[in-house]
Amino acid sequence: MTRPRLRAAALVVAVAALATACSSGGGTASDPSGATNARVTLSVFAAASLKKGFTEIAQDFEKSHPNVTVRTTFDGSSALVTQIKQGATADVIATADQKTMTSLGAEALDPRTFTRNVLTIITAPGNPKGITSVRDLARSGVTTVLCAPQVPCGTAAATVERNVGVAIRPASEETSVSGVVTKVTSGQADAGLVYTSDAEAAGSKVAVVSDPVFAAVVNEYPIATVKGTEHSTEAQQFVDLVTGSTGQQVLRELGFGAGR
């Protein structure tokens, strides 16, 4: 056989081998994970306070997994758990405290703490009411907004109140921490208790007032894959990204604490 024919035969063999590898799910140079090229929509439920961080992490995930589209749903942690219990489709869930994740029971597979957060006070820019501590939130003439008691940020606020010995009478109780931020930034409230990460994300729209009492109340955020997911491989890969160095760096830059 002549050399041109030898080269042609070798090319045919190589193409056939590549086709076999692709059809068997062995992975390609563009998809080194070994996953198939079928399109996957990964549903991620996450606490409202994680919106900015998880949006960025989801974009990073899609870049490294070109066959996956990440669909994120952000809400109060208790609302997300209720949705899953009522049959909503979710592959991954991340809540703002351990208690809410525990309430999901066996539906949450191998929950892992991936970050931490503490509360702080936000006010209108310039802090016109002169708020200096949690006790000031109970003052007459100060309109304060809190998270509802069943929401992790509301549970944390209630613990702070007990620790300090003060009873805040909120003008409203929001179903997520983002609702508290909105009430303050829109001028509907003088002050609110939110996570430090939310205060940082609000930037110049708010003034931030710290109080040493917050250090004693730390919310641990767990993440888990959801039982029955049809995309267990991709779901676990997303969890690994969140708990790994890339996800941890994103969260640290947004004011979250270390996950471990």
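The values are calculated or read from the model by the stated rules, or taken from the named source; none is laboratory data. Every value quoted in this text rests on a predicted model; they were computed, and no experiment measured them. All Cβ positions, even for glycine, are placed from backbone atoms using ideal geometry, and neighbour counts span all protein chains on display. The area values use the complete protein model at the heavy-atom level, side chains included, leaving out ligands, DNA and RNA. Shrake-Rupley method; radii C 1.70, N 1.55, O 1.52, S 1.80 Å.
Of everything in the range 228-260, what is in contact with a helix residue (DSSP H, G or I) (Cβ under 8 Å, 6 or more places away or on another chain), aliphatic (A, V, I, L, M) and assigned to a helix (DSSP H, G or I)? Give them in sequence order.
Listed by number, the residues that qualify are LEU241, VAL242, VAL250, LEU251.
Among what's in the range 126-166 and is closer than 13 Å to PHE214 by Cβ and in contact with an Asp or Glu (Cβ under 6 Å, 6 or more places away or on another chain), pick the residue that is surrounded by the fewest Cβ atoms within 10 Å (Cβ to Cβ).
Going through the qualifying residues, I end up with SER133.
From (1) in contact with a Ser or Thr (Cβ under 7 Å, 6 or more places away or on another chain); (2) under 26 Å from THR113 (Cα atoms), pick out the condition that doesn't hold for VAL226.
Result: VAL226 fails condition (1) only.
Return the pairs, sorted by first residue and then second, in which the second residue is among the hydrophobic types (A, V, I, L, M, F, W, C), the first residue lies in the range 229-256 and is without any contact (Cβ under 8 Å) to a residue 40 or more places away in the chain, the beta carbons are less than 8 Å apart, and the residues are 6+ apart or on different chains.
Going by the 8 Å Cβ cut-off, the qualifying pairs are ARG252/ALA258.
Any residue at all in the range 8-23 that is at pLDDT 95 or above, aliphatic (A, V, I, L, M) and assigned to a helix (DSSP H, G or I)? Reasoning before the result, please.
Of all residues in the range 8-23, those at pLDDT 95 or above come to none.
The answer is no; no qualifying residue exists.
If we keep just the residues of the range 218-260 that are among the acidic types (Asp, Glu) and more than 25 Å from THR89 (Cβ to Cβ), which is least open to solvent (accessible area, probe 1.4 Å)?
The extreme case among them is GLU220.
Is it true that VAL194 is within 21 Å of LEU50 (Cβ to Cβ), open to solvent by less than 20 Å² (accessible area, probe 1.4 Å), among the hydrophobic types (A, V, I, L, M, F, W, C) and not in a helix (DSSP H, G or I)? Let's see the steps before the verdict.
Values: within 21 Å of LEU50 (Cβ to Cβ): yes; open to solvent by less than 20 Å² (accessible area, probe 1.4 Å): yes; among the hydrophobic types (A, V, I, L, M, F, W, C): yes; not in a helix (DSSP H, G or I): yes.
Yes, satisfied.
Here are some residues: THR182, THR123, THR143, THR159. Which one is of a type in the set (Val, Ile, Thr), more than 18 Å from the chain's Cα centre (by Cα) and under 30 Å from LEU42 (Cα atoms)?
After applying the criteria, what remains is THR182.
Give all pairs with beta carbons closer than 7 Å in which a residue from the range 109-123 that is of a type in the set (Phe, Trp, Tyr) meets a residue that is modelled with pLDDT under 95 and outside any strand (DSSP E or B); count only pairs at least 6 apart in sequence or on separate chains.
PHE114/GLY259
Return the only residue of ASP31, ASP60 being at pLDDT below 95 and surrounded by 14 or more Cβ atoms within 10 Å (Cβ to Cβ).
ASP31
Looking only at the range 82-107, filter to residues that are part of a helix (DSSP H, G or I) and among the hydroxyl-bearing types (Ser, Thr, Tyr); which one of those is nearest to the chain's Cα centre (by Cα)? Walk me through how you get there before you give the answer.
Taking the range 82-107 as the starting set, the residues that turn out to be part of a helix (DSSP H, G or I) are 82-85, 98-102, 105-107.
Filter again for among the hydroxyl-bearing types (Ser, Thr, Tyr), leaving 82, 100, 102.
On the way: THR82: 17, THR100: 14, THR102: 17 Å.
Restricting to residues being part of a helix (DSSP H, G or I) and among the hydroxyl-bearing types (Ser, Thr, Tyr), the top hit is THR100.
Checking the condition open to solvent by 10 Å² or more (accessible area, probe 1.4 Å), touching a residue at least 60 places away in the same chain (Cβ under 8 Å) and not aromatic (Phe, Trp, Tyr), which residue from ASP97, ASP91 passes? So that I can check it myself, show each step before the final result.
Numbers: ASP91 fails: open to solvent by 10 Å² or more (accessible area, probe 1.4 Å).
The match here is ASP97.
Out of THR155, THR225, I need the residue that is under 24 Å from THR100 (Cβ atoms), of a type in the set (S, T, N, Q) and part of a strand (DSSP E or B). Which one?
THR225
I need the full set of residues from the range 69-87 which are in contact (Cβ under 8 Å) with a residue 24 or more places away in the chain and either on the phi > 0 side of the Ramachandran plot or surrounded by fewer than 23 Cβ atoms within 10 Å (Cβ to Cβ) (or both), in order please.
Of everything in the range 69-87, those that are in contact (Cβ under 8 Å) with a residue 24 or more places away in the chain and either on the phi > 0 side of the Ramachandran plot or surrounded by fewer than 23 Cβ atoms within 10 Å (Cβ to Cβ) (or both) turn out to be THR69, VAL70, ARG71, THR72, THR73, PHE74, ASP75, ALA79, GLN83, ILE84.
Which of the numbered conditions does THR102 fail, given that it passes all the others? Conditions: (1) in contact (Cβ under 8 Å) with a residue 12 or more places away in the chain; (2) open to solvent by 40 Å² or more (accessible area, probe 1.4 Å).
Answer for THR102: the failing condition is (1).
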